[in-house]
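Chemist: First the structure, then my questions, so here it is.
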Amino acid sequence: MRRAALATLAGLSLAATTVAAVPAQAAGPAHSKLARLVKLKNVRHHQLNLQKIADANGGNRAAGLPGNKITIKYIADQLKRAGYSPTVQNFTFDFWQEQSEAVFAETAPEAKTFAPGTDFATMQYSGSGDVTAAATPVDSDATGVGSGCEADDFAGFPAGHIALIQRGGCFFSLKTDNAIAAGASAVVIYQLPDQPGPVAGTLTTPYDIPVIGPTNAVGRALVDQANNGGVTLRVKTDVLNDKREASNVIADTKRGRSDNVVVVGAHNDSVIDGPGINDDGSGTATLLEMAKQIRKLGPKVRNTVRFAFWGAEEEGLLGSQHYVDSLSQAERDKIALNLNFDMLASPNYVNFVYDGDNSAGQNNVEAPAGSGAIEKAFNDYFAKRKLATDPTPFNGRSDYNAFITVGIPAGGLFTGAEGIKTPEQAATYGGTAGVAYDPCYHSACDRYDNVNLKGFDQMIDATAAVTQKFAHSTLTVNGNELARRAPAQAKKRIVPDEIGNYATR
């Protein structure tokens, strides 16, 4: 799952997790054949292999590093063993890594040092630097919508000062661009008042000056000091910015129409801080096992299913965007829909379904027509098994973004990241209210045991069942129905009708 700052949520909890046992299945509607074939134990085997790869390669599977290169080879090898001819699509990206721990401190009028990871975080693609200077708040009276989004916000800003800016209202990069244009020597973008933790954000492209994101409490205290006598800060960052290679792995089923493709995706990378066995080893492992089993559906696969393992998602959804950008309009028109599976095993899980019809009114990315039908397919699956679901917004946070921004319907599942579980959700799903859905989100503890097996098993089944549904027919999404043979023409093949067909804040 892309970094927290790419969405409207923020914060990081490091609470311990509990692994739930898999309960006996209650009697209910029969699973789809693919759901029966894709077994939890086999999916867990793939997760274990991803854990071993990370452990042997620096503790992570991050794009541009050895663990991800081995992950790509593992995915491709598994697909070949299952009879596919996978394509490895390479692309270059801006690699970023902290080389030593950042320093953020108040030097006057008091001496105070803030803790990295707790009080502040270094923005991805921050530059290196060691700056000690007076800090000046930018539009500090702004409420709710943040500050620094307009050049006028910096009127009278003293060149060489450190800019204190509240998060919200626009991209972090725009705030930083405006600060640099005004002469800022470093940028401090503090958290919104209703969001926990520091701002773990991305600037999307490399910058030359230090940019960090403290908590709201730290940021507001510094603003108050700056407005009441002044405050001097030190911001020191030591980072590496260079060009490296990442890869998508893509494989099509041998069966199915090539002009009506169902793209199912998960991302193959982790963050640098951990192995990413939930984020998104859970999605990768599920899709790998589904790819191995789907051939057993035989002629039920009427539409090509394209298994896509996206690279450099954590760097800004780069692999999926590269893939969509590389397609001609004619190739895009052949894609019926995209299903996205990013984090399916969160230990304090909720059964989140992407809100394709925006019924909750929280989407900040417009979902194309047909996305509501995808949402309904997932909700119907869970409802038939008397399992609850909650909507989760399309907010540009994962790899579906590249598809919906060019008009391709999308949907999928999510069990939660750094957001906090509500009492109502705890009453419905179990788990602990007031704790993050995944307390190990983007952390070293996102390991093989960072999973709720009960929730994961439900998500695997739903992933497989809905994939099978759309492999058979996409009528409800794009109006495309495979024509059936008329009885009088049983030996004559009829050509089927065709219908053509994004937080960085």
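The values are calculated or read from the model by the stated rules, or taken from the named source; none is laboratory data. As the structure is a prediction and not an experimental result, all values here were calculated from the model. All Cβ positions, glycine included, derive from the backbone under ideal geometry; neighbour counts span all protein chains shown. Keep in mind that these areas ignore ligands, DNA and RNA; they rest on the heavy atoms of the full protein, side chains included. Shrake-Rupley method; radii C 1.70, N 1.55, O 1.52, S 1.80 Å.
Chemist: Only one residue in 65, 50 is at pLDDT 95 or above, hydrophobic (A, V, I, L, M, F, W, C) and in contact with a Phe, Trp or Tyr (Cβ under 8 Å, 6 or more places away or on another chain), so which one is that?
Modeler: After ruling out the rest, the residue left standing is 50.
Chemist: While we're on this one: What single numbered condition from (1) modelled with pLDDT of 95 or more; (2) within 27 Å of residue 100 (Cα to Cα); (3) open to solvent by 40 Å² or more (accessible area, probe 1.4 Å) fails to hold for residue 117?
Modeler: (1)
Chemist: With the requirement that a residue be part of a helix (DSSP H, G or I) and open to solvent by 50 Å² or more (accessible area, probe 1.4 Å), what does the range 319-338 give you?
Modeler: Correct list: 321, 322, 325, 326, 329, 330, 331.
Chemist: What tally of residues in the range 268-294 results from selecting those that are under 30 Å from residue 479 (Cβ atoms) and open to solvent by 10 Å² or more (accessible area, probe 1.4 Å)?
Modeler: Residues that pass the stated criteria total 1.
Chemist: If I ask for residues that are farther than 30 Å from residue 324 by Cβ and out of contact with any Asp or Glu (no Cβ under 9 Å at 6 or more places or on another chain), which ones from the range 222-255 would you list?
Modeler: 223, 224, 226, 227, 228, 229, 230, listed by residue number.
Chemist: Here is a list: 213, 265. Which entry is part of a strand (DSSP E or B), within 22 Å of residue 347 (Cα to Cα), modelled with pLDDT of 95 or more and open to solvent by less than 20 Å² (accessible area, probe 1.4 Å)?
Modeler: 265
Chemist: Please indicate, with yes or no, whether at least one residue in the range 351-361 is surrounded by fewer than 20 Cβ atoms within 10 Å (Cβ to Cβ) and farther than 17 Å from residue 414 by Cα.
Modeler: Yes, the range 351-361 contains a residue that is surrounded by fewer than 20 Cβ atoms within 10 Å (Cβ to Cβ) and farther than 17 Å from residue 414 by Cα.
Chemist: Give, as residue ranges, the strands (runs of 3 or more DSSP E) completely inside the range 68-124 that count at least 2 residues that are within 23 Å of the chain's Cα centre (by Cα).
Modeler: Result: 87-108, 120-122.
Per-residue answers, yes or no, for (1) more than 21 Å from residue 449 (Cα to Cα); (2) open to solvent by less than 40 Å² (accessible area, probe 1.4 Å):
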residue	(1), (2)
34	yes, yes
41	no, no
55	no, no
58	no, no
65	yes, yes
69	yes, no
78	yes, yes
82	yes, yes
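Chemist: If you check every pair at least six apart or on different chains, which have Cβ atoms under 6 Å apart with a residue in the range 418-441 that is more than 27 Å from residue 201 (Cα to Cα) first and a residue that is among the aliphatic types (A, V, I, L, M) and open to solvent by 20 Å² or more (accessible area, probe 1.4 Å) second?
Modeler: That search, which allows pairs on different chains as well, returns 423/433; 426/433; 428/388.
Chemist: Can you pull out the residues in the range 126-166 that are hydroxyl-bearing (Ser, Thr, Tyr), open to solvent by less than 10 Å² (accessible area, probe 1.4 Å) and either at pLDDT 95 or above or outside any loop (DSSP other than H, G, I, E, B) (or both)?
Modeler: Correct list: 126 only.
Chemist: Of the numbered conditions (1) surrounded by 21 or more Cβ atoms within 10 Å (Cβ to Cβ); (2) within 22 Å of the chain's Cα centre (by Cα), residue 245 fails exactly one; give the number of that condition.
Modeler: It is condition (1) that residue 245 fails.
Chemist: Scan the range 295-318 for residues that are open to solvent by 10 Å² or more (accessible area, probe 1.4 Å), more than 14 Å from residue 468 (Cα to Cα) and either small (Gly, Ala, Ser) or part of a helix (DSSP H, G or I) (or both) and report the count.
Modeler: Going through the range 295-318 one residue at a time, the tally reaches 2.
Chemist: Among the residues of the range 218-228, are any over 30 Å from residue 184 (Cα atoms) and either open to solvent by less than 10 Å² (accessible area, probe 1.4 Å) or within 17 Å of the chain's Cα centre (by Cα) (or both)?
Modeler: no
Chemist: For a quick check of your reading: which helices (runs of 4 or more DSSP H) sit entirely within the range 364-451 and have at least 1 residues that are basic (Lys, Arg)?
Modeler: In the range 364-451, the matching helices (runs of 4 or more DSSP H) lie at 371-384.
Chemist: I would also like to ask the following. Taking the conditions exactly as written (on the phi > 0 side of the Ramachandran plot, open to solvent by 10 Å² or more (accessible area, probe 1.4 Å) and out of contact with any helix residue (DSSP H, G or I) (no Cβ under 9 Å at 6 or more places or on another chain)), does residue 256 satisfy them or not?
Modeler: Here the answer is no, as residue 256 does not meet what is asked.
Chemist: State yes or no: is residue 289 part of a strand (DSSP E or B) and more than 24 Å from residue 197 (Cβ to Cβ)?
Modeler: In short, no.
Chemist: Which residue out of 488, 444, 464 is at pLDDT 95 or above and within 22 Å of residue 299 (Cβ to Cβ)?
Modeler: Unique residue meeting the criteria: 464.
Chemist: Scan (1) modelled with pLDDT of 95 or more; (2) within 17 Å of residue 122 (Cα to Cα) for the single condition residue 182 breaks and write down its number.
Modeler: Looking at each condition in turn, residue 182 falls short on (2).
Chemist: In addition: Within the range 403-451, count every residue that is buried (at least 24 other Cβ atoms within 10 Å of the Cβ) and over 20 Å from the mean Cα position of the chain (by Cα).
Modeler: 0
Chemist: Does residue 139 count as among the acidic types (Asp, Glu) and under 26 Å from the mean Cα position of the chain (by Cα)?
Modeler: Judged against the criteria, residue 139 is not a match.
Chemist: Next question. Exactly one condition in (1) open to solvent by less than 10 Å² (accessible area, probe 1.4 Å); (2) assigned to a loop (DSSP other than H, G, I, E, B); (3) touching a helix residue (DSSP H, G or I) at 6+ places or on another chain (Cβ under 6 Å) is false for residue 204; which is it?
Modeler: (1)
Chemist: State which residue pairs qualify: first residue within 14 Å of residue 308 (Cα to Cα) and aromatic (Phe, Trp, Tyr) and inside the range 68-92, second residue part of a loop (DSSP other than H, G, I, E, B) and open to solvent by 30 Å² or more (accessible area, probe 1.4 Å) in any location, beta carbons under 9 Å apart, and separation of 6 or more residues or different chains.
Modeler: Qualifying pairs under 9 Å: 84/254.
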